[in-house]
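**Student:** Can you keep this structure in mind? I'll have questions shortly.
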Amino acid sequence: MIQRLDSIQLPDHGGDLVWASDTFHRPIHEWVDLSTGISPWAYPVPNVPPETWQPLPYQQQPLLDAAAHYYQCPYTHVLPVAGSQCAIDAIPQTLKKSCVAIPLTGYQEHAKSWEKSGHQVIHYDDPEQLQCLLAQKKIHHIVIINPNNPTAEYWSMSALLALHSQLSSQQKLIVDEAFMDLDEQHSLRSYIGRDTAFDNIIVLRSVGKFFGVAGVRLGFVLSASSYLSLLQQVIPLWQVSNIALWLGEKILLDDEWQQLQCKRIYQRQQKMCVVLSTIFKHYSLQQAGLFTTLIGDQAEVYSQFMTAAEAGVLLRYGDCKIANAYGTEESHQEARRAWLRIGLPKDEHYSRVEEFFGR
């Protein structure tokens, strides 16, 4: 029997198999986890040299050079961090208290971090609403998630550059590109360090998603070197471990493996698209490479989430929200809608997933 929506406390983030096991009384090892958007194929980590464990992580230059190669920007404009979440927490601490625009439906840690640092968060639903807030001078800094997590919507390069052209040098454009590795044509990475006009852009990148090594906790901030020096002052010393430095260098330079990863992610995504579009015909479906998001009636979407969970398939569920002209949340006047984010299954789980969704 499917539990009521208000009868369970949903987890704050995907991948919480402890919550799933406790809630649905199924051992962790029996779950198929499609709730994170992390690649089902992890980089094949070789044996770690024993000498890597002993020294403090001072030697960052090899990783910086590898990141400069991968992100196509000068190494002086790259700062390694312990996952992009570290940067999300730290960036608001470096800026004077102000109003910041953040997508209402998006990775919620952005809003939490800005509010915790004393900034006023103003939400927006779409580019048009963001443009209105900017034109009315209601906001100072802007946070964009590209592609958006969880809605899978993309901002085009032209739209980003048009938005940036309206900002002063004191206004920051922060772009979270945690899921961008498969669609670099939308990335602002190549503008970092190109000209001082782009010094107010801050790009966040994650290693864990595309490379399938979220547990190593490694990400990067790409921005002007002067800003990175400021950011470094609020980030704890030695936060990026020697293991992350060592592994990060290897995976960012392994072009052959990256090509293989792109190919199999695309192939698996296309197979999942066929399966999902067949069963969810009346839903809106949007793809972002490592996950597909469907949007529909709240009761129906929640029912799909619970049916999957009771079968041992963990998805990511959330309510769709709407922001009014003042940038605050308000209720839908029409039927409530919700979203369901569905990641890619591992090879050993694919037949089970295909069977479940093809039921």
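**Student:** What's the number of the only condition in (1) surrounded by fewer than 18 Cβ atoms within 10 Å (Cβ to Cβ); (2) within 21 Å of A152 (Cα to Cα); (3) not basic (K, R) that D65 fails to meet?
**Tutor:** The failed condition is (2).
**Student:** Kindly indicate whether any position in the range 100-110 is more than 14 Å from the chain's Cα centre (by Cα) and surrounded by fewer than 20 Cβ atoms within 10 Å (Cβ to Cβ).
**Tutor:** Within the range 100-110, not a single residue is more than 14 Å from the chain's Cα centre (by Cα) and surrounded by fewer than 20 Cβ atoms within 10 Å (Cβ to Cβ).
**Student:** Looking at the range 150-176, which of its residues are in a loop (DSSP other than H, G, I, E, B), aliphatic (A, V, I, L, M) and crowded, with 20+ Cβ neighbours inside 10 Å? Break it down into steps so the answer makes sense when it comes.
**Tutor:** Taking the range 150-176 and keeping what is in a loop (DSSP other than H, G, I, E, B), we get 150-156, 165-172.
Those still in the list that are aliphatic (A, V, I, L, M) too: 152, 167.
Listed by number, the list holds a single entry, A152.
**Student:** While we're on this one: Scan the range 136-160 and report the pairs whose first residue is at positive phi and whose second residue is surrounded by 23 or more Cβ atoms within 10 Å (Cβ to Cβ), with Cβ atoms within less than 6 Å and a gap of 6+ or a chain change.
**Tutor:** Final answer for the pair search is A152/A288; A152/T293.
**Student:** Could you please let me know if T94 is at pLDDT below 95, touching a helix residue (DSSP H, G or I) at 6+ places or on another chain (Cβ under 6 Å) and surrounded by 14 or more Cβ atoms within 10 Å (Cβ to Cβ)?
**Tutor:** On the way: at pLDDT below 95: no; touching a helix residue (DSSP H, G or I) at 6+ places or on another chain (Cβ under 6 Å): yes; surrounded by 14 or more Cβ atoms within 10 Å (Cβ to Cβ): yes.
Answer is no for this residue.
**Student:** Could I ask something else about it? Which of the residues belonging to the range 20-31 are surrounded by fewer than 19 Cβ atoms within 10 Å (Cβ to Cβ), part of a helix (DSSP H, G or I) and either without any contact (Cβ under 8 Å) to a residue 40 or more places away in the chain or aliphatic (A, V, I, L, M) (or both)?
**Tutor:** S21, D22, I28, H29
**Student:** A further question on this structure: From the list T307, T278, T292, which residue is out of contact with any Ser or Thr (no Cβ under 6 Å at 6 or more places or on another chain), more than 19 Å from H77 (Cα to Cα), of a type in the set (S, T, Y) and buried (at least 21 other Cβ atoms within 10 Å of the Cβ)?
**Tutor:** Details: T307 fails: buried (at least 21 other Cβ atoms within 10 Å of the Cβ); T278 fails: buried (at least 21 other Cβ atoms within 10 Å of the Cβ).
Selected residue: T292, the only one of T307, T278, T292 that is out of contact with any Ser or Thr (no Cβ under 6 Å at 6 or more places or on another chain), more than 19 Å from H77 (Cα to Cα), of a type in the set (S, T, Y) and buried (at least 21 other Cβ atoms within 10 Å of the Cβ).
**Student:** Looking only at residues in the range 285-313 that are part of a helix (DSSP H, G or I) and among the acidic types (D, E), which one is nearest to Q9 (Cα to Cα)?
**Tutor:** Step one: of the range 285-313, the residues part of a helix (DSSP H, G or I) are 298-310.
From what is left, the residues that are among the acidic types (D, E) are 300, 310.
Values: E300: 18, E310: 16 Å.
So, considering only residues that are part of a helix (DSSP H, G or I) and among the acidic types (D, E), the one nearest to Q9 (Cα to Cα) is E310.
Each row is one residue, and each column tells you yes or no for (1) closer than 23 Å to D89 by Cα; (2) touching a Pro at 6+ places or on another chain (Cβ under 6 Å); (3) among the aromatic types (F, W, Y).
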residue	(1), (2), (3)
K137	no, no, no
V143	yes, no, no
E153	no, no, no
S158	no, no, no
Q166	no, no, no
A178	yes, no, no
G193	no, yes, no
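The values are calculated or read from the model by the stated rules, or taken from the named source; none is laboratory data. What you see is a predicted model, and the numbers here were worked out from it, not measured in a lab. Ideal geometry is used to build each Cβ from the backbone, glycine not excepted, and the neighbour counts take in all protein chains shown.
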